[in-house]
Each structure stands twice: as C-alpha cells, then as structure tokens.
Amino acid sequence: MADLDARLDGKVALVTGGSRGIGLGIAKACANAGAKVMITSRKAEACEAACKEIGAETGGTAIYEAGHTGKAEDAERVIGATIEKLGGLDILVNNAATNPYAGPTIDVDLPRWEKTLQVNLTAPLLWTQLAWRAAMKESGGSVINISSVGGLSTNPILGVYDITKAALIHMTKQLAAELGPKVRVNAIAPGLVKTDFAKALWEGGKGDEVAKAYPLGRLGEPEDIAAAAVYLAADTGRWMTGQTLVLDGGGLIAFNKVG
C-alpha cells in the first residue's frame, strides 16, 4: 500500500494573490510542507512583507514577483521568473480575485462586469495555459482554482462575483478532462472566511450572526483553506481531478434546509 502524505518537498508552488488572506495562508502551508514558493500580487511592498512572514513562520523558501494577475504580460513574466529562480513549476494556485460591484446582476455596468470576468475567470485560464506550456506539459503538476460557495447558489448582491466563480468551477472540470493524466485540476469553494477581502461581510458583528447558522459554529480561517490546498497538491490528492471541495462550515446545508 502506498505511503501517502501531504508533503511537497522538491516542489515549486506559485500562488496568485499570495500577499494576504487565503493566498497567503496557502503560500505558508505550501512552504511549511516543503515547497519553494513564489507569490505574486500587484503591490511589491505587500509581497515583500508576506515573504518575510512566510520565512519567519515556516523557515521555508518564499520569493515574490509583483504583477497584475489580469495582465498577460505580467503573467508571462511571473511564470518565467518562477521557473528561472526556483527551477520549475509544479503547483499553480489561481487565488487572485476581485469584486468591484455589489448589487443586482441586471444592473451591473459593463466595465465592472468585464473587470470581474477578466480577473476571476480569464486570468485563471491564462495562468493555467502559461503554466502548462512552460512546464506542466512535460513535467506534470497540479492546478488549484479558488472558487466560492457563491458559485453553487445565488445571492441578491454578489451575483456578478458568483457567476464568475460558477464558471470557474466548470472550467476546472473542463481543464481537468483536457490536461489529464499529466496535470490534475481541482477547485476549492470556500464559504465566508475572515479575510480583508471579505471584511464587509463579517466585520461589525455580521460574521457572528452568520457563524451561528453554520453547523460548525464559526467562520472560516485562511488556514482551513490552506490545508485543503496542500492535500490537493500533494500525493494525498493524486487520484482526484475535476472536483470542487466545499469548505464552508456546513453553510450550504444550513441555508438549504428541507422543510
């Protein structure tokens, strides 16, 4: 029987949106599991601080290359730097996301609609294409897309964001079918996680009310998502592809009760 563990020794991981929140949590977990980590986000200062934090907490290797996730030229540069400086690319975590609009989908203006699509859907496709062509087509690898439970339901004010996350779930399935057996492609759909990105949904006591409705009685933490990402990237997830792990404290079953 194979001895499977959640180690990433000798692997190189690239995390978009890796300077804070869920992305930083995943970067830390990958480094702690033995991977060399490249993080990227728009602000170099935030990336530098995150790399110092990763190194201090894990003792692992973490470097950065700042860039805009939605720009093709930045994506090419970051992936090239990852391979040049760290020696390869085995794990791609498409975590970066944006949500510039809140309100009914029917009322969204096209510029904000297009920006949401560009960052949340087009960018993960672009980064996966580049990773495949530059490294994974030959050496294999694992792609992890960070979706949302919003992609599995509806919401009166977050519909535009949720549409992109629903499409990301389907794209995960499609790419898994196309890139196997060399590359496994999976997604994680978090519920409400206590990050700056989602602060408007949980600060000021709002999160406490949501947590009361969750069967597990609390909101998520970045570490909850990070543990699942390492599982998917490591040999522990070696026979899993095209799937979406829902990590939401039981929120979906609580909010969709029968009777």
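Listed values, structure above:
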| read-out | value |
| --- | --- |
| Selection status of Leu126, assigned to a helix (DSSP H, G or I), surrounded by fewer than 23 Cβ atoms within 10 Å (Cβ to Cβ) and within 15 Å of the chain's Cα centre (by Cα) | yes |
| Test: Val119 is surrounded by 19 or more Cβ atoms within 10 Å (Cβ to Cβ) and over 19 Å from Leu245 (Cβ atoms) | yes |
| Residue match in region 214-223 (condition: within 24 Å of Trp132 (Cβ to Cβ) and modelled with pLDDT of 90 or more) | no |
| Number of positions in region 60-74 that are closer than 17 Å to Lys28 by Cα and free of Cβ contacts under 8 Å to residues at least 12 places away in the same chain | 0 |
| Test result for Gly141, within 25 Å of Ala29 (Cβ to Cβ), modelled with pLDDT under 95 and touching a helix residue (DSSP H, G or I) at 6+ places or on another chain (Cβ under 9 Å) | no |
| Test: residue in region 177-195 that is at pLDDT below 90, on the phi > 0 side of the Ramachandran plot and of a type outside the set (Lys, Arg) | no |
| Filtered residues of region 75-93 (kept if touching a residue at least 24 places away in the same chain (Cβ under 8 Å) and of a type outside the set (A, V, I, L, M, F, W, C)) | Glu76, Gly80, Thr82, Lys85, Gly87, Gly88, Asp90 |
| Number of the condition not met by Lys28 [criteria: (1) surrounded by 18 or more Cβ atoms within 10 Å (Cβ to Cβ); (2) assigned to a loop (DSSP other than H, G, I, E, B)] | (2) |
| Flag if Cys47 is in a helix (DSSP H, G or I) and within 15 Å of Ser142 (Cβ to Cβ) | no |
| Residues of region 148-188 that turn out to be surrounded by 19 or more Cβ atoms within 10 Å (Cβ to Cβ), assigned to a loop (DSSP other than H, G, I, E, B) and among the hydroxyl-bearing types (Ser, Thr, Tyr), as a count | 1 |
| Residues located in region 235-252, provided they are of a type outside the set (Val, Ile, Thr), over 18 Å from Ile22 (Cα atoms) and not in a helix (DSSP H, G or I) | Arg238, Trp239, Met240, Gly242, Gln243, Gly250 |
| So Ala96, is it under 24 Å from Val230 (Cα atoms), assigned to a helix (DSSP H, G or I), in contact with a strand residue (DSSP E or B) (Cβ under 8 Å, 6 or more places away or on another chain) and touching a residue at least 40 places away in the same chain (Cβ under 8 Å) | no |
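Residues are listed down the side, and each one gets a yes or a no for (1) closer than 19 Å to Lys165 by Cα; (2) surrounded by fewer than 16 Cβ atoms within 10 Å (Cβ to Cβ); (3) in contact with a strand residue (DSSP E or B) (Cβ under 9 Å, 6 or more places away or on another chain); (4) not basic (Lys, Arg):
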{"residue": "Glu73", "(1), (2), (3), (4)": "no, yes, no, yes"}
{"residue": "Ile91", "(1), (2), (3), (4)": "no, no, yes, yes"}
{"residue": "Pro111", "(1), (2), (3), (4)": "yes, yes, no, yes"}
{"residue": "Ala135", "(1), (2), (3), (4)": "no, no, yes, yes"}
{"residue": "Ile144", "(1), (2), (3), (4)": "yes, no, yes, yes"}
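Let's see how each residue does on (1) of a type in the set (Asp, Glu); (2) touching a helix residue (DSSP H, G or I) at 6+ places or on another chain (Cβ under 6 Å); (3) within 25 Å of Gly21 (Cα to Cα); (4) at pLDDT 95 or above:
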site	(1), (2), (3), (4)
Asp74	yes, no, yes, yes
Asp90	yes, no, yes, yes
Gly103	no, no, yes, yes
Met136	no, no, no, yes
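The values are calculated or read from the model by the stated rules, or taken from the named source; none is laboratory data. This is a predicted model, so every value here is computed, not measured. As a convention, Cβ positions derive from the backbone with ideal geometry for all residues, glycine included, and neighbour counts pool all protein chains shown.
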